[in-house]
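Visitor: Mind looking over this structure? Questions follow.
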Amino acid sequence: MTNVTIIGAQWGDEGKGKVVDWLASRADIVVRFQGGHNAGHTLVVGNQTYKLSLLPSGLVRGKLGIIGNGVVIDPVALLAEIDRVAAQGLPVTPDTLRIADNAPLILPLHAALDSARETARGERKIGTTGRGIGPAYEDKVARRAIRVCDLAEPDTLSAKLDELLLHHNTLLAGLGAPTFEKAALLESLLQLAPKLLPFAEPVWERLAAAKLAGKRILFEGAQAVMLDVDHGTYPFVTSSNTVAGTAASGSGVGPDAVGRVLGIAKAYCTRVGSGPFPTELHDATGQLLGERGHEFGTVTGRKRRCGWFDAAMVRQAVKVGGINGLALTKLDVLDGFAELKICVGYAIHGQTYRHLPAGMAAQAAALPVYETLEGWSHSTRGARSWAELPAAAIKYVKRIEELVEAPVTLLSTSPERDDTILVQDPFAN
């Protein structure tokens, strides 16, 4: 058996939580390897709905969860999330959750800087969640981040805060925002230390031992390929690499451990926040997709922009993201449409492109080139085999496979865990 890595193949919100939950029942360990608490996965298990931001989804299935070094951790948000799921009957302890001791922390000053910058940008906002993820990653790269392991060393913590405040207070003051006092920050971190440190360890050692023992590891990505800081619609992206290769660097394992890569894509397309969206629909059809798909962000509650499936974009995500197969979600949302459209390329200033160019102006000018397919009137909701699907729905899925140049290995037909058509077992060699 092989390991599996799950990443988003669009702009996030593709339903990764359900797929991770579905596959976690066959894994031994589930690892979150990048992002912060700006990401969110919704899991529906029986009569319980879990909304997770930092916790690996496998915890819901009783699997060991690991937060890797590639994640930026807001300790207050993490502890609040642990308390929230505990109140739902899911206790999280150091026996079920391990955290990389070299993972960077998000502090209140990061969120303050994030919000102050967005305010200063005015109409040129990037559309961040304002939760400090970007500034925390900046500190990591600039080698001034406070990491989980620093909580065990008060002198290190104090010295690092001096450097952090020298940088951040200068920026905050320049933006006209309130600055921070060292004493209050230091005291809050020292109070958090005994709550967080019991979860901390060099998780790379645990993962190396698991690999040697032949354990199945499921690597869980946040956001999606088109929000990757290198390969996405820059600068309207997240602040981390979201492609499958990050599962290795963000967890402390070799690239051979990443295993089979499953890309998650909706049967249509959505995006939260600012940035280009060539297939976005501003009409009644877009409104209907949003209503039927309950398109609101798990973390922010922001309304998602909706549009037709963009095969050109997903093909790009397949290539740069390292995707071996697609998990197509929310097929049932398309039930009842007389016709469906799939974007097969873009018209930009009189030229046709099969990919979305890197330039901001080119992306903003991209107009979708559509192919129209027949819709279906019968319901696909809850289907668990190909035989239960209308012929037009099967044709739609097959056409997507051809256009994105990757097979659909899993098809989701409702939020329920078992309403899934498995074409190929991702854990099989």
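Visitor: Taking springs between alpha-carbon atoms closer than 10 angstrom, which of Val320, Val258, Val20 fluctuates most in the Gaussian network model of the chain?
Guide: Val320
Visitor: If you don't mind, there's one more thing I want to ask. Segment 317-398: Rg/Rh from Cα coordinates, Kirkwood Rh? All intermediate terms of the calculation are to be shown ahead of the outcome.
Guide: Working: Rg = 16.0 Å, Rh = 15.0 Å.
Using Cα coordinates only, the ratio equals 1.06.
Visitor: Which whole number of Å³ per residue matches the convex hull of the alpha-carbon atoms in segment 71-169?
Guide: Given the Cα convex hull of segment 71-169, per-residue volume reads 114 Å³.
Visitor: Next question, about the same structure. Which lysines have a Cα lying under 26 Å from the Cα of Lys398, excluding residues fewer than 8 positions away in the same chain?
Guide: Lys16, Lys18, Lys266, Lys319, Lys330, Lys341
Visitor: List the trypsin sites (Lys or Arg not before Pro) in segment 253-348 that DSSP assigns to loop (not H, G, I, E or B) and whose Cβ has at most 15 other Cβ atoms within 10 Å. Which are they?
Guide: Sparse-neighbourhood loop trypsin sites (Lys or Arg not before Pro): Arg302.
Visitor: Relative to the first principal axis of the alpha-carbon coordinates of the chain, what is the inclination of helix 75-87, with its axis defined by its Cα atoms, in degrees from 0 to 90 and to the nearest 10?
Guide: Tilt of helix 75-87: around 60 degrees.
Visitor: Which percentage, to the nearest 5, of the DSSP beta bridges contained in the chain is antiparallel?
Guide: Given both bridge residues lie in the chain, the antiparallel proportion sits at roughly 45 percent.
Visitor: May I pose another question? Ignoring any ligand, DNA or RNA, what whole percent of the accessible area of segment 1-77 comes from carbon and sulfur when the probe is 1.4 angstrom?
Guide: 45 percent
Visitor: Still on this structure: Determine the share of segment 213-258's accessible area contributed by carbon and sulfur atoms, expressed in whole percent, with a 1.4 angstrom probe.
Guide: 53 percent
Visitor: Counting other C-beta atoms within 10 Å, and keeping those with at most 16, which DSSP coil trypsin sites (Lys or Arg not before Pro) do you find in segment 18-78? Working shown, then result.
Guide: Numbers: sites: Lys18, Arg26, Arg32, Lys51, Arg61, Lys63; in loops: Arg26, Lys63.
Hits after loop and neighbour filter: Arg26.
Visitor: What spacing in nm lies between the two simple spin-label points modelled at Arg26 and Ala365, each 7 Å away from Cα in the Cβ direction?
Guide: Label at Arg26, label at Ala365, 4.7 nm between them.
Visitor: Just to check, using Stokes-Einstein with a Kirkwood Rh over alpha carbon pairs, what's the diffusion coefficient of segment 313-356 at 4 °C and 1.567 mPa s in µm²/s?
Guide: The diffusion coefficient I find is 100 µm²/s.
Visitor: Still on this structure, I have one more. Provide His294, His37 ordered by accessible surface of protein heavy atoms (probe 1.4 Å), highest first.
Guide: His294, His37
Visitor: Taking only protein heavy atoms into account and a 1.4 Å probe, give the accessible area per residue of the chain in Å².
Guide: Ligands and nucleic acids excluded, the figure is 40 Å² per residue.
Visitor: Quick check: residue separation of Leu79 and Ile394 times 0.36 nm, minus the Cα distance between them. What number comes out in nm?
Guide: Gain on extension, Leu79 to Ile394, equals 109.0 nm.
Visitor: Quick check on segment 227-377: of the DSSP beta bridges with both residues there, what percent are antiparallel, nearest 5%? Please report the intermediate quantities before stating the final value.
Guide: Details: 16 of 23 bridges.
For segment 227-377, the DSSP antiparallel bridge percentage is about 70.
Visitor: Once the Cα atoms of segment 37-95 are picked out, what are the Rg and Dmax in Å?
Guide: Answer for segment 37-95, Rg first and Dmax second: 11.0, 33 Å.
Visitor: Mind listing the Cα extents of segment 128-213 along all three principal axes, in Å, largest one first?
Guide: 55, 28, 22
Visitor: Mind pulling the angle between the C-alpha long axis of helix 108-121 and the longest principal axis of the chain? Nearest 10 degrees, somewhere in 0 to 90.
Guide: Taking the Cα atoms of the chain, the angle to 108-121 is about 50 degrees.
Visitor: Additional query: Whole angstrom only: what separates the Cα centroid of segment 312-355 from the Cα centroid of segment 255-287?
Guide: What the calculation gives is 8 Å, centre to centre.
Visitor: With runs of 4+ DSSP H residues as the only contributors, calculate the mean residue ellipticity of the chain at 222 nm using -39,500 (n - 2.57) per run, divided by the residue total and rounded to the nearest 500.
Guide: Calculated at 222 nm, the ellipticity per residue is -9500 deg cm²/dmol.
Visitor: What translational diffusion coefficient, in µm²/s and rounded to a whole number, does the Stokes-Einstein relation yield for segment 242-316 at 37 °C and a viscosity of 0.692 mPa s, taking the hydrodynamic radius as the Kirkwood radius over Cα pairs?
Guide: Once the numbers are plugged in, D ends up at 228 µm²/s.
Visitor: Can you give me the angle between helix 391-404 and the longest principal axis of the chain, using Cα atoms only, in degrees from 0 to 90, rounded to the nearest 10?
Guide: Tilt of helix 391-404: around 60 degrees.
Visitor: Follow-up. Ratio of the chain's C-alpha Rg to 2.2 N^0.38 Å, to two decimals? Before the final figure, lay out the partial values.
Guide: Values: Rg = 21.5 Å, N = 429, 2.2 N^0.38 = 22.0 Å.
Its radius of gyration relative to the 2.2 N^0.38 Å reference: 0.98.
The values are calculated or read from the model by the stated rules, or taken from the named source; none is laboratory data. Source: prediction; values computed, not measured. So basically every Cβ, Gly included, is an ideal-geometry build from the backbone, and we count neighbours across all protein chains shown. Ligands, DNA and RNA are stripped out before the accessible areas are found, and what is left, the full protein with its side chains, is counted by its heavy atoms. Shrake-Rupley method; radii C 1.70, N 1.55, O 1.52, S 1.80 Å.
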